[in-house]
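K.L.:
The structure's right below; bear with me while I get my questions together.
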Amino acid sequence: MAPGENTLGGRASTSRRSFVKALGKAGAVLPTLTALSRLGFAEDAAANYANAAIDWKQFAGQTITLSGAIHPWSNAITPLLPEFTKLTGITVDPDFQLETTFMGAVPIKLARGSITPDVFMFTTYGQGISAGWLEPLSAYYSNKSLIDLSWYDESDLLKTARAFPLWTDGERYAMPITSEAMTLFINKDALAAKGLPIPQTFEELLATAKAIKTNDMSGIAMRAQASFNSCPPALGFVFSYGGALVKDNKAAFASPEAIAAVEMYGQLLSQAGPYGAGSYEWYHVLDDFLQGRTAMAIDSSNFATDISNPAKSRVASQAGYAAFPHLPGRTPVPFMSHWQACINSKSKNKRAAFLFLAWATSKPTSLKTAAAGLATTRVSAWSSDGFKKAFGAQAAEAALSNLQNADVDRAKAALFHPQSKLILDAFMIGVNEVVNGATPAKAAMIAAAEKANAAIRG
């Protein structure tokens, strides 16, 4: 299929048939149109929760603290918190911070044995589980007074969302709250001005980015800061080249595959990236694309909510969404993840906290957050008209395609390792050196892997 014919990047709209096919590949049984309409906003919201065999008022009067990053999920769930309080009598005290601030602060609080926050967003699962910070949740799932599994309907969760929370012993320590995969964003007008098709392979991406770069517009923007929070796009390169971040409990990014991937990443940003690319985090990437300062970007599929919003984006009408690039003859393997929410093992309100998580990730709540543009974990929400309108049907199809191509096991091997932050930090320090031209990819990755493995052994 020619690039211009690809529904993930070429057409401005997507067919219901192709979108349904992508949802099916994502691993869940699709609701019928009749079922979806029953779950629509026209139905009384209270009735949706009343259908659950749960005493929603059993913890009335309690207060739980909710902590996390300023993020599409926090933006979508915060306006709904008064509804939860009305339903349950539980007050939720939210505390959302800039992502880097939050991710630095929450491990310190948990390590000190703080009883708050009760519920928090989390990513370094291996560290949290090994340290005993996260409350095991399987017993809560089997408690019929806390959750009605028939009403909750886990079969409606995307396949990756069902697999992601499971630890090696089968225990669950978190509930997934979002779905995202690394996606290629295209300024279609910028490519059309040069007569260029949407790149599909990494070599095509490099050639396109170099050809389209001007004094006013970079060819491509991606994260490259020397910290673990910047790793997702680069990990997609490593995975797509056949490499892994962690293998056999060791840092594995000194492999020939990972070195080749990082070399390509460095070439893209050093030859066609923005000025100061080595300092870029996700918000720099997003802002550059929104303002038309870059022709292409690779980052979280959740960017689509802002990109498609004319109030925030100068390129809303000319933005395209495409599959992650790949090597010739091979399938792309973008990095994917689910932000998850956990319960503090020291919390004094664990059952009320679990009730909140069940409510926040339920079908009716997910339909509401999806209508605000949140990429939830539920098939029924992804296929809703509200989500496709807010997120964009083409963007949703691209995100689903990238999710279904992702490798959950390789992503979990990186994120669930007890020393994940140390390993990811070492990896991104090496990537940053390559992007800045300080060190060749081979030397940078060998040194970074040796540093990470020495720390793991220590």
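The values are calculated or read from the model by the stated rules, or taken from the named source; none is laboratory data. Small disclaimer: the values here were computed from a predicted structure and weren't measured. No Cβ is skipped: glycine too gets one built from the backbone with ideal geometry, and neighbour counts run over all protein chains shown. To get the accessible areas, we keep the full protein, side chains included, count just its heavy atoms, and leave off ligands, DNA and RNA. Shrake-Rupley method; radii C 1.70, N 1.55, O 1.52, S 1.80 Å.
K.L.:
Name the one entry in Gln225, Gln267 that is touching a residue at least 40 places away in the same chain (Cβ under 8 Å), outside any helix (DSSP H, G or I) and open to solvent by 10 Å² or more (accessible area, probe 1.4 Å).
P.N.:
After applying the criteria, what remains is Gln225.
K.L.:
Additional query: Go through segment 289-347 and give me each residue that's under 30 Å from Gly132 (Cα atoms) and of a type outside the set (Ser, Thr, Tyr).
P.N.:
Let us first name the residues in segment 289-347 that are under 30 Å from Gly132 (Cα atoms), namely 300, 335-347.
Within segment 289-347, Phe335, Met336, His338, Trp339, Gln340, Ala341, Cys342, Ile343, Asn344, Lys346 meet the criteria.
K.L.:
Give me a count of the residues in segment 88-102 that are touching a residue at least 40 places away in the same chain (Cβ under 8 Å) and closer than 22 Å to Ser347 by Cα.
P.N.:
Summing the residues that are touching a residue at least 40 places away in the same chain (Cβ under 8 Å) and closer than 22 Å to Ser347 by Cα in segment 88-102 gives 3.
K.L.:
Kindly list, by first and then second residue, each pair from a residue in segment 105-117 that is more than 13 Å from Asn349 (Cα to Cα) to a residue that is open to solvent by 30 Å² or more (accessible area, probe 1.4 Å) and in a helix (DSSP H, G or I), limited to pairs with Cβ atoms under 8 Å and residues at least 6 apart or on different chains.
P.N.:
Cβ pairs passing all conditions: Pro107/Gln127.
K.L.:
What about Ala323, is it in contact (Cβ under 8 Å) with a residue 12 or more places away in the chain, open to solvent by 10 Å² or more (accessible area, probe 1.4 Å), under 20 Å from the mean Cα position of the chain (by Cα) and within 18 Å of Pro199 (Cβ to Cβ)? Spell out the reasoning first.
P.N.:
Details: in contact (Cβ under 8 Å) with a residue 12 or more places away in the chain: yes; open to solvent by 10 Å² or more (accessible area, probe 1.4 Å): yes; under 20 Å from the mean Cα position of the chain (by Cα): yes; within 18 Å of Pro199 (Cβ to Cβ): yes.
Considered against the rule, which asks whether it is in contact (Cβ under 8 Å) with a residue 12 or more places away in the chain, open to solvent by 10 Å² or more (accessible area, probe 1.4 Å), under 20 Å from the mean Cα position of the chain (by Cα) and within 18 Å of Pro199 (Cβ to Cβ), Ala323 comes out as yes.
K.L.:
Here's a follow-up. What helices (runs of 4 or more DSSP H), lying completely within segment 343-458, carry at least 1 residues that are among the aromatic types (Phe, Trp, Tyr)?
P.N.:
Here the list reads 350-360, 379-382, 385-391, 420-435.
K.L.:
Specify which of the listed residues (Pro197, Pro256) is surrounded by fewer than 24 Cβ atoms within 10 Å (Cβ to Cβ), touching a helix residue (DSSP H, G or I) at 6+ places or on another chain (Cβ under 8 Å) and farther than 25 Å from Ser279 by Cβ.
P.N.:
Pro197
K.L.:
Name every residue in segment 75-112 that is in a loop (DSSP other than H, G, I, E, B) and open to solvent by 30 Å² or more (accessible area, probe 1.4 Å), in order of residue number.
P.N.:
The answer is Leu98, Arg112.
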